[in-house]
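Bear in mind these aren't lab numbers, they're just calculated from the coordinates by the rules spelled out. Keep in mind it's a predicted model, so treat the numbers as computed, not measured. Neighbour counts are summed over all protein chains in view; Cβ atoms, including those assigned to glycine, are modelled from backbone coordinates with ideal geometry.
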Amino acid sequence: MSKNKWWKREVAYQIYPKSFYDSNNDGIGDINGITRKLDYLSDLGVTLLWICPIFKSPMDDNGYDISDYYDIAPEFGTLEDLDNLINEAKKKNIKIILDLVINHTSDEHEWFQEALKNPESKYRDYYIFKRGKKDVPPTNWRGHFGGSVWEKVEGEKDKDGNEMYYLHLFSKKQPDLNWENPEVRKELYKIVNFWLTKGIAGFRVDAINSIKKDQRYLDLPVDGEDGLAFNIKYTLNQPGIEEFLDELRNETFKKYDCVTVAETPLLEYERYDKFIGENGFFSMIFDFNYAEIDMKDDGAYFNRNDFTVKELREKIFDSQLIIQKYGWGAPFLENHDSPRSIDKYFGDNINDEDAVTISKLLGNLFFFLQGTPFIYQGQELGINNFKRTSIEDFDDIASKDQYYRALKEGFSSEEALYYVNRRSRDNTRTPFHWDSSENGGFSRAIPWIKMNESYKKVNVEMEIEDKNSVLSHYKKMIELRQKSKYSDCLIYGEFVPLDLKNDEIIAYSRKDNNYELICINNFSSKSQEVDLKDKFSVKEILIANIEDIQIKENRINLKPYQSFVAKVEKL
Ligand code: NOJ
């Protein structure tokens with residue numbers, strides 16, 4: 001694998017600014033809070049921060065609804081605070097990437113306000129306005145956060161009584177931009193270039209595979225009790241999107257030595273070459289094919305996909321082999337839209353001791369895959385899901401919608417709450433656990449969202465001193481990838497799937513001209529025996545979640561949830 005790009009050597013860390021650290025004690029995390037905690041991040045060893053949106057926003061979707069791309073949300077700070085963060089981070093060799101949200105704006109953005117106020121203005125065509133039939137919206141599509149994707153514009157009925165609507169794939173406060181309009185695209189490129197010249201290292205690119213819509217605006221077969229149909233068939237990964245992405249890259253990213261990581265759910269593997277190949281649109285993309293194995297394509301929390309370890313293994317292998325063939329990966333376990341990984345992959349009945357072992361296993365499994373690993377805040381502490389007892393305790397717009405939709409589909413309120421608790425985006429959005437003092441040391445004020453109560457036993461202060469903590473394990477993993485004689489092998493080495501003839505185990509190797517390293521993970525709560533006899537001999541254990549590894553004549557007796565990386569020699 002070629003060593004030509006700087007971003008292949010990075011270890012990325014995702015920050016949800018609202019919940020990281022509150023420097024001014026108003027209950028909301030902020031930019032200065034991130035700056036204050038740079039020592040922690042640098043000590044952990046991460047080198048690239050992805051910060052979720054910090055731009056001016058009414059916060060209907062926590063910043064993914066931007067009302068001014070050139071300014072910062074006052075609750076997060078100022079442009080000076082951001083400059084300061086970029087400079088201070090640079091001193092510690094940490095680069096910053098921002099979230100680029102250009103599929104939609106906030107309805108409070110001045111473009112949309114103009115479009116509403118004056119139907120004749122050029123801003124009408126910045127968005128997607130269409131006539132319904134009487135008061136039936138133009139199509140029957142359901143949005144990602146429930147309900148119709150169409151919102152009625154009051155007072156714009158035509159003479160036949162047909163209402164006017166605008167399109168929003170997400171909340172009604174997130175109107176979709178009209179990418180078919182070249183002037184819109186130009187304005188967006190201006191924003192991208194503005195930020196790239198400001199000294200950021202690049203972007204995580206939000207919902208970018210939704211920018212092209214099927215221009216026929218046809219109905220779909222109804223698929224729910226709400227009488228609607230999930231929109232994605234006509235709005236996601238549409239043919240022709242390549243033209244927009246090609247132009248976006250050429251007008252912006254290509255002119256800088258920047259990194260771009262795109263969010264592209266359900267993108268078919270045949271198209272990965274165009275997206276991340278030699279002259280791809282992006283440096284890397286997040287592959288949700290394995291990361292959302294617990295979900296069906298309809299995105300309904302109540303329609304969970306129960307999966308086996310074997311299925312997970314196959315998905316990870318498929319993902320790695322395809323990505324390796326064409327480009328570079330961005331492996332991850334968690335993000336601000338997912339539940340915590342312990343719960344996602346192992347359920348919600350895990351005791352505290354096993355949770356520590358499992359967090360390290362999941363760490364080993366994902367961190368040494370091919371690509372630039374992305375760690376989500378709190379994952380390095382082993383934080384798990386936070387169970388809420390009432391729907392009132394949720395903040396997230398999607399979680400609330402999923403609850404009411406589940407009720408409509410006939411589930412009881414207990415069942416609906418169970419599903420939301422398992423999948424809610426609020427699981428990863430609770431404030432960070434700095435210590436065991438009130439509010440986990442996140443803020444002296446009451447946090448904007450309830451703390452996960454586990455902060456009293458899972459927090460930085462306790463874990464930093466404990467060499468067996470999840471945090472210490474993450475530090476070791478990062479050091480092994482970044483600063484050991486195996487770095488080149490772990491970063492650029494080939495990914496090779498291993499078949500150890502056991503469906504409770506996920507194992508792979510990384511190899512280059514100098515070394516071959518294997519990563520073996522027992523997903524089972526029972527011991528498992530594997531035989532490496534005719535394949536490898538284990539020379540040295542490099543990292544493990546349970547130190548004592550029983551190997552006899554290359555037969556390994558793995559303890560429950562045991563996981564390790566070892567240097568091997570081929571037999
Ligand atoms: C994906 C983001 O990750 C999510 O948090 C957001 O709600 C949607 N895109 C809409 O911007």
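How big is the range 1-53 in terms of Cα radius of gyration and Dmax, in angstroms?
Final numbers for Rg and Dmax: 13.6, 47 Å.
With a ≥ b ≥ c the root eigenvalues of the C-alpha gyration tensor of the range 111-180, is it rounded (a/c under 1.5), prolate (a/b larger than b/c) or oblate?
Since a/c reaches 1.5 but b/c is at least a/b, the shape of the range 111-180 is classed as oblate.
Please report how many Lys pairs in the range 70-172 have alpha carbons closer than 19 angstrom, counting only residues at least 8 apart along the chain or sitting on separate chains.
16
Could you line up Glu225, Glu242 from fewest to most neighbouring Cβ atoms inside 10 Å?
Glu225, Glu242
Taking Cα atoms, how many degrees apart are the long axis of helix 470-483 and the longest axis of the chain, rounded to 10 and kept between 0 and 90?
Rounded to the nearest ten degrees, it is 80.
With a/c under 1.5 counting as rounded, go ahead and sort the range 523-571 into rounded, prolate or oblate using the C-alpha gyration tensor (a ≥ b ≥ c being the square roots of the eigenvalues; past the cut-off, prolate if a/b is larger than b/c, else oblate).
oblate
Give the lysines whose C-alpha is closer than 18 Å to that of Lys315, dropping any in the same chain fewer than 8 places away, or say none.
Straight-line reach from Lys315, under 18 Å: Lys296, Lys325, Lys344, Lys501.
Using 0.36 nm times the number of residues separating Val153 and Glu314, minus their current alpha carbon distance, what extension gain do you get?
53.2 nm
Using the beta-carbon distance between Lys325 and Lys501 and R0 = 41 Å, what value does 1/(1 + (r/R0)^6) give for FRET efficiency, to the nearest 0.05?
The pair Lys325/Lys501 has a calculated efficiency of 0.95.
For the charge dipole of the range 282-415, defined by +1 on Lys and Arg C-beta atoms and -1 on Asp and Glu C-beta atoms about the Cα centroid, which residue among Asn364, Tyr326, Phe302 has the Cα displaced farthest towards the positive pole?
Selected residue: Tyr326.
Based on the mean of other beta carbon atoms within 10 Å per residue, what is the order of 408-421, 316-329, most packed first?
Final packing ranking: 316-329, 408-421.
Find the relative contact order for the chain and round it to a whole percent, using C-alpha pairs within less than 8 Å whose residues are 6+ positions apart.
This gives 13 percent for the chain.
Only bridges whose two residues both fall in the chain count here: according to DSSP, what percent of them are antiparallel, nearest 5?
Of all bridge pairs located within the chain, approximately 65 percent are antiparallel.
Tell me, what is a quarter of the convex hull surface for the C-alpha atoms of the chain, in nm² with one decimal?
Mean orientational projected area (the chain, Cα hull): 25.5 nm².
Residues of the range 224-263 with the amide nitrogen closer than 20 Å to a label point 7 Å from the Cα of Asn279, along Cα-to-Cβ, please.
Residues passing the 20 Å test: 240-260.
How far, in nm, would the chain grow between Leu266 and Asp531 when pulled straight, counting 0.36 nm per residue and subtracting the alpha carbon separation?
91.8 nm
Find how many whole Å separate the alpha carbon centroid of the range 391-439 from the alpha carbon centroid of the range 1-35.
Taking the Cα centre of each part, the range 1-35 and the range 391-439 sit 24 Å apart.
Can you compute the modelled spin-label distance between Glu180 and Ile549, with each label point 7 Å from Cα toward Cβ, in nm?
Between Glu180 and Ile549, the label points sit 5.8 nm apart.
Once the range 271-384 is represented by equal point scatterers at the alpha-carbon sites, with solvent omitted, what log10 I(q)/I(0) does the Debye formula produce at q = 0.20 Å⁻¹?
For the requested q values the scattering log ratios are -1.16.
Assuming 0.36 nm per residue, please report the length gained on full extension of the stretch Glu569 to Glu247 beyond their Cα-Cα distance.
111.2 nm
In whole Hz and in residue order, list the ³J(HN,Hα) couplings for the range 394-403 that follow from phi through the Karplus curve 6.51 cos²θ - 1.76 cosθ + 1.60, θ = phi - 60°; x for Gly and Pro.
Values, residue by residue: 8, 9, 5, 4, 6, 5, 5, 4, 4, 5 Hz.
Relative to the longest principal axis of the chain, what angle (0 to 90°, nearest 10) does the C-alpha long axis of helix 413-423 take?
60
Under a no-solvent Debye model with one identical scatterer per Cα of the range 196-325, what's log10 I(q)/I(0) at q = 0.09, 0.11, 0.15, 0.21 Å⁻¹?
Summing over Cα pairs of the range 196-325 leads to -0.33, -0.48, -0.85, -1.28.
Using a Förster radius of 25 Å, what is the FRET efficiency between Arg131 and Lys408 based on their Cβ-Cβ separation? Nearest 0.05, please.
0.35
Hey, can you rank 542-553, 54-65 by average C-beta count inside 10 Å, highest first?
Most protected by this proxy first, the peptides run 54-65, 542-553.
How would the range 365-458 be classified by its alpha-carbon gyration tensor: rounded, prolate or oblate, with rounded meaning a/c under 1.5 and the a/b versus b/c comparison settling the rest?
oblate
Determine how many Å³ per residue the convex hull of the Cα atoms of the range 362-411 encloses.
147
Quick check on the range 55-166: of the DSSP beta bridges with both residues there, what percent are antiparallel, nearest 5%?
100
Counting other C-beta atoms within 10 Å, and keeping those with at most 16, which DSSP coil GluC sites (Glu not before Pro) do you find in the range 153-195?
Here the GluC sites (Glu not before Pro) that fit, given the DSSP loop and packing criteria, are Glu154, Glu156, Glu180.
If you place +1 on the Cβ of every Lys and Arg, -1 on the Cβ of every Asp and Glu, and leave all else neutral, what size is the dipole of the chain about its Cα centre, to the nearest 20 Debye?
Value, rounded to 20: 1480 debye.
Of the trypsin sites (Lys or Arg not before Pro) in the range 137-229, which ones lie in a loop per DSSP and count no more than 13 other C-beta atoms within 10 Å?
Listed in order of number, the matching sites are Lys159, Lys198, Arg216.
Could you compute the FRET efficiency for Asp488 and Lys122, with r as their C-beta to C-beta distance and R0 at 60 Å, rounded to 0.05?
According to the calculation, E is roughly 0.65.
Taking N as the number of residues in the range 458-551, what is its Cα Rg relative to 2.2 N^0.38 Å?
Here the Cα radius of gyration is 1.21 times the empirical estimate.
How much net charge surrounds Arg271 when only other residues with a Cβ under 14 Å from its Cβ are counted (Lys, Arg +1; Asp, Glu -1)?
-4
Just to confirm a number: summing +1 for Lys and Arg and -1 for Asp and Glu over residues other than Asn427 whose beta-carbon lies under 14 angstrom from that of Asn427, what do you get?
-1
Find, among the trypsin sites (Lys or Arg not before Pro) in the range 1-38, those assigned to loop by DSSP (not H, G, I, E, B) with at most 12 other beta-carbon atoms within 10 angstrom.
The qualifying sites are Lys3.
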